[in-house]
Amino acid sequence: MQNLKKNLRELLKYPSAVIGIVLIVLLVAISVGTLIYIPRDEAVRLWRGGDQVWGQNPRTAPPVWTNWFRSEKLPETIVRDLDTEGTTVERSPRDMGENLVAVYTFEYTADDYPQDILLKFTSDYTNRNPFVSIYWITPDGREIRMTEQGIGYNTTYRAVQDDALERRVGGLSPEIGLFDDPNTEELDVLKGTYKVVVDALTFEDDSVVEEAELILHGKVFGWFGTDVQRRDLSIAILWGTPIALAFGLTASFGSSVFSMIFAAIGVWFGGWIDEAIQRVTEISLTLPFLSILIMVGTFYSKSIWTILWVTVLLTIFGSSIKTYRAIFLQVKESPYIEAAHAYGASNTRIVFSYLIPRMIPLLIPGLVLGVPSYVFLEATLAALSLGDPVLPTWGKVIYDAQSNGAVYNGFYYWILEPAVLLVLTGLAFAMVGFSLDRIFNPRLRDV
Amino acid sequence: MSVEIQSPGVGAEAEAPQTKRRTESTFSRVAKYTSYKLAMLFLTVVIAVYLTILIANMGGYVDEIVRGQIREFVGQMLRIDPNYQQMDPEEKNEFFQTQVERAEKRYGLDQPFVLRSFRYLWNAVTLDFGYATLMASDTGSRQVKLIIQDRLAPTLLLIATSNLILFFGSIGLALSLSRGYGSFWDRFVLAMSPTSSAPSWFYGIFFILIFAAILRWFPFGGMIDSPPPRTQWAYILNVGKHLVLPVGAIITSAMFVSIYNWRTFFLIYSSEDYVEMAKAKGLSANDVQNRYILRPTLPTIITSFGLLVITLWTGSILTEAVFHWPGLGQTTLTAIGLYDTPVIVGLTIIYAYLLAITVFLLDFIYALVDPRVKIGSGR
């Protein structure tokens, strides 16, 4: 215990180890926070839910903070509904039904046009459906008629797809034409306060327009952006953290501890047990590791835990067992083991209390250094589309980005976010591991 | 093992080991050791291949899929063909059974899976790869051998290029670093060594992003432009251009840790007394390096070279996929995706044999380069 404390204090002398520890603590904090605030089912719902979950988000929008580095600021998504502050709503009754006039107001300061302009209506009626007229009022007071149309129970009006509107705004695509400054020759955004007026009429006594929502899809979204399905990438980025840590730590811990135990048992008992363990190692080294994992993933189960166990099983009898064996063979000959044997210590006691503890200085750095490779293994499998079918992981994001041509289409944030996190996780464990290696194996310190 | 029993030398040795050992000729010792080693390696390969066959057939589950398909097909035939609709139900049922049995026999499904798995194993071990179920080679052949042959050259090109540069480059750099211990570059490599925890495909994505998407210096992927250039020189240049990014990715991912490990290794050897002695004698730095540092470390260098070849062989699946390189890695991926068992097994066999041959050869190379090692002794 004293020794451990001393080693830890020594670890803090290495700046790289300190950076590594800070990073690991940060990642663990993110994981715990994510698990508390977005429980698994909620995460799965947000990631697999469908259009009603992420319909309000823009498509492939980079994160908001990319605006800090841009001279031309991209717009954020603007959402206004009947309850939003600043929206004036007037409902006046008519002989049959009612007349709803809603005026939405929003400030537009971005230098670029929005991705899309939508109006979503929900209404209730029996036979005759309500009718809406929508007007667009620019900061310089021009009034542009957007559309006049009947609406159903759930209707979405997409300005971008309105050809008549396109003609009215001078042949420009509506999301550009509505925001364009008419006084200048070239295309530029007229900044200021815009108003959208919705004038709705219903034609039955109980018929009402329940909700009318104005959505201007921006070109940046949230802290992490969205993917091609409009999903908020923050879910995958946040949830990827606990998964990556759990996978990396479990796999590394499982494989190194078990292979050490097997090596110790083989060396201590010798004979056929040793021979059997060595043969199994050779066979498992002959098996193509990645191909077997891909086969298990394709044929049997894509669940991340199945993959994890197969990984551990295949790596227990990997090359590390040979290294451990060679060292155990030396340790076995040391006098203290002979003494223990002489006073009648049981085999289990010798293996677990005398042989294995001697190896802990070698085990701990190896274990920490092994974590990055397993974190990347999960990403590798996910990038082969063998990731967990339900949970969002960093590897899955990379796979989605790759298969949607993120690099070719310039959606760099999409691939860089999970990649940077993978690198950070890998670096954190590698830096701590290298320092641990130098502390526990002082021979390395001289060279 | 059987080879050992047939050899008369072994029996004699067992009777009088004390006297025999001294007179035993080098030849018989090497022969005995070689045959034992070969038998063990062969056994390992056989078991590994058998395990692959079991996994690739899902322990016989793929057969169930085929059986279901046969029944569905025969049933459909009976339902649709007007010739069979006149039959009475009992006759129809009997006809159905015989048809299914015939089809199963044709696919070899009449034998239990265990028996068939051994037949697959025999074919695999005797390098009879058979025919793919779905995949085809470039010339349209179903032969697994041809499918693999098509893809072998691109994979070897990629692996050999990156492997050789990586290996000799890192040893050369490590040697110069080990001389200038503690210098800026030494600490730089030390600081960069954690970068090797990321696999090569990962660097590949970044390389594509930087050098293909933004700078447009190199192509995004593939092995050759389409249409390929006409002259031979242009062709080679074009392949070389496509080779830069994948090779760069493989080298980058392994370079720093490789240099670091070699440098540590050489440092340990250069602090030996005989090296100090050689330096004291006034030998030139190059002489010390070649005779007193490189010579004793040669066996380790060779081993790691052999193992490096094998690692890159498996590690190239995703790098090939990311760069759309038409090699064996991509083939493995496609085969698994299509449940094409014969191709998967074929690829595994080649891998297992290559590994076994490497391990086998390493022993002899050891004995060649290290006079202290004697084959077959001290075991």
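The values are calculated or read from the model by the stated rules, or taken from the named source; none is laboratory data. Source: prediction; values computed, not measured. Please note: Cβ atoms are built from the backbone with ideal geometry, for glycine as well, and neighbour counts cover all protein chains shown. Accessible surface areas use protein heavy atoms only, side chains included; no ligands, DNA or RNA. Shrake-Rupley method; radii C 1.70, N 1.55, O 1.52, S 1.80 Å.
Observations on the structure shown:
- Subset of the stretch A:117-140 (residues that are open to solvent by 20 Å² or more (accessible area, probe 1.4 Å) and more than 16 Å from A:Arg168 (Cα to Cα)): A:Lys120, A:Thr122, A:Asp124, A:Tyr125, A:Thr126, A:Asn127, A:Arg128, A:Asn129, A:Phe131, A:Pro139, A:Asp140
- Residue in the stretch A:177-185 that is assigned to a loop (DSSP other than H, G, I, E, B), closer than 19 Å to A:Pro114 by Cα and open to solvent by 60 Å² or more (accessible area, probe 1.4 Å) present: yes
- Within the stretch B:211-233, if we keep just the residues that are surrounded by 12 or more Cβ atoms within 10 Å (Cβ to Cβ) and not in a loop (DSSP other than H, G, I, E, B), the residue that is nearest to the other protein chains (Cβ to nearest Cβ) turns out to be B:Ala213.
- Residue check for B:Leu333: touching a Lys or Arg at 6+ places or on another chain (Cβ under 8 Å) and within 11 Å of chain A (Cβ to nearest Cβ): no
- If you filter the stretch B:130-152 down to residues that are part of a loop (DSSP other than H, G, I, E, B) and touching a helix residue (DSSP H, G or I) at 6+ places or on another chain (Cβ under 6 Å), you find that the one that is surrounded by the most Cβ atoms within 10 Å (Cβ to Cβ) is B:Ala132.
- Identity of the residue in the stretch B:85-110, in contact with a helix residue (DSSP H, G or I) (Cβ under 8 Å, 6 or more places away or on another chain) and not in a helix (DSSP H, G or I), that ends up nearest to B:Asp63 (Cα to Cα): B:Leu109
- Checking each residue of the stretch B:172-187 against the condition of being more than 8 Å from chain A (Cβ to nearest Cβ), among the polar types (S, T, N, Q) and open to solvent by 20 Å² or more (accessible area, probe 1.4 Å) gives at least one match.
- Of the set (1) more than 14 Å from chain A (Cβ to nearest Cβ); (2) modelled with pLDDT under 80, all apply to B:Val359 but (1).
- Close pairs from the stretch A:114-130: first closer than 17 Å to A:Val208 by Cβ, partner assigned to a loop (DSSP other than H, G, I, E, B) and of a type in the set (Val, Ile, Thr), Cβ under 7 Å, at least 6 apart: A:Phe121/A:Ile151; A:Ser123/A:Ile151; A:Tyr125/A:Thr202; A:Asn129/A:Ile151; A:Pro130/A:Ile151; A:Pro130/A:Thr202
- For the stretch A:207-222, a residue qualifies if it is β-branched (Val, Ile, Thr) and farther than 23 Å from A:Arg94 by Cα, and the qualifying residues are A:Ile215, A:Val220.
- Hey, B:Ile208 surrounded by 21 or more Cβ atoms within 10 Å (Cβ to Cβ), within 12 Å of chain A (Cβ to nearest Cβ), touching a residue at least 60 places away in the same chain (Cβ under 8 Å) and among the β-branched types (Val, Ile, Thr) or not: yes
- Per the listing B:Ala48, B:Ala39, the residue uniquely within 13 Å of another protein chain (Cβ to nearest Cβ), over 24 Å from A:Ile294 (Cβ atoms) and assigned to a helix (DSSP H, G or I) is B:Ala39.
- Per-region count, the stretch A:4-44, residues surrounded by fewer than 11 Cβ atoms within 10 Å (Cβ to Cβ) and in a helix (DSSP H, G or I): 7
- Filter result (open to solvent by less than 10 Å² (accessible area, probe 1.4 Å) and either within 12 Å of A:Thr241 (Cα to Cα) or more than 10 Å from chain B (Cβ to nearest Cβ) (or both)) within the stretch A:427-438: A:Ser435
- Long-range neighbours under 9 Å by Cβ, at least six apart or interchain, first residue modelled with pLDDT of 80 or more within the stretch A:1-20, second open to solvent by 50 Å² or more (accessible area, probe 1.4 Å) and in a loop (DSSP other than H, G, I, E, B): A:Val18/A:Leu12
- Here A:Val79 clears all of (1) more than 18 Å from A:Leu216 (Cβ to Cβ); (2) outside any loop (DSSP other than H, G, I, E, B) except the condition numbered (1).
- Of all residues in the stretch A:314-323, those that are more than 16 Å from A:Ala276 (Cα to Cα) and either modelled with pLDDT under 85 or open to solvent by 40 Å² or more (accessible area, probe 1.4 Å) (or both) total 2.
- From the list A:Gly266, A:Gly240, A:Gly254, the one residue that fits, being more than 14 Å from every other protein chain (Cβ to nearest Cβ), more than 30 Å from A:Arg358 (Cα to Cα), assigned to a helix (DSSP H, G or I) and not basic (Lys, Arg), is A:Gly240.
- One residue stands out among those in the stretch B:308-324 that are surrounded by fewer than 24 Cβ atoms within 10 Å (Cβ to Cβ), more than 10 Å from chain A (Cβ to nearest Cβ) and modelled with pLDDT of 65 or more: the one that is nearest to B:Ile350 (Cα to Cα), which is B:Val309.
- Members of the stretch A:327-360 that are hydrophobic (A, V, I, L, M, F, W, C) and surrounded by fewer than 11 Cβ atoms within 10 Å (Cβ to Cβ): A:Ala342
- Counting only residues that are within 30 Å of B:Ser316 (Cβ to Cβ) and open to solvent by less than 10 Å² (accessible area, probe 1.4 Å), the stretch B:264-284 holds 1 of them.
- Only residues that are over 42 Å from the mean Cα position of the chain (by Cα) and either farther than 26 Å from A:Leu436 by Cβ or at pLDDT below 80 (or both) were counted in the stretch A:331-368, giving 15.
- A:Gly410 being facing chain B (nearest Cβ under 10 Å), over 21 Å from B:Ala321 (Cβ atoms) and surrounded by fewer than 19 Cβ atoms within 10 Å (Cβ to Cβ): yes
- Hits in the stretch A:368-394 (condition: more than 10 Å from chain B (Cβ to nearest Cβ) and assigned to a loop (DSSP other than H, G, I, E, B)): A:Gly387, A:Asp388, A:Pro389, A:Val390, A:Leu391, A:Pro392, A:Thr393
- Output for the stretch B:37-54, where each listed residue is more than 17 Å from the chain's Cα centre (by Cα) and of a type in the set (Gly, Ala, Ser): B:Ala39
- Qualifying positions in the stretch B:71-129 - open to solvent by less than 80 Å² (accessible area, probe 1.4 Å), of a type in the set (Phe, Trp, Tyr) and out of contact with any Lys or Arg (no Cβ under 9 Å at 6 or more places or on another chain): B:Phe95, B:Phe113, B:Tyr120
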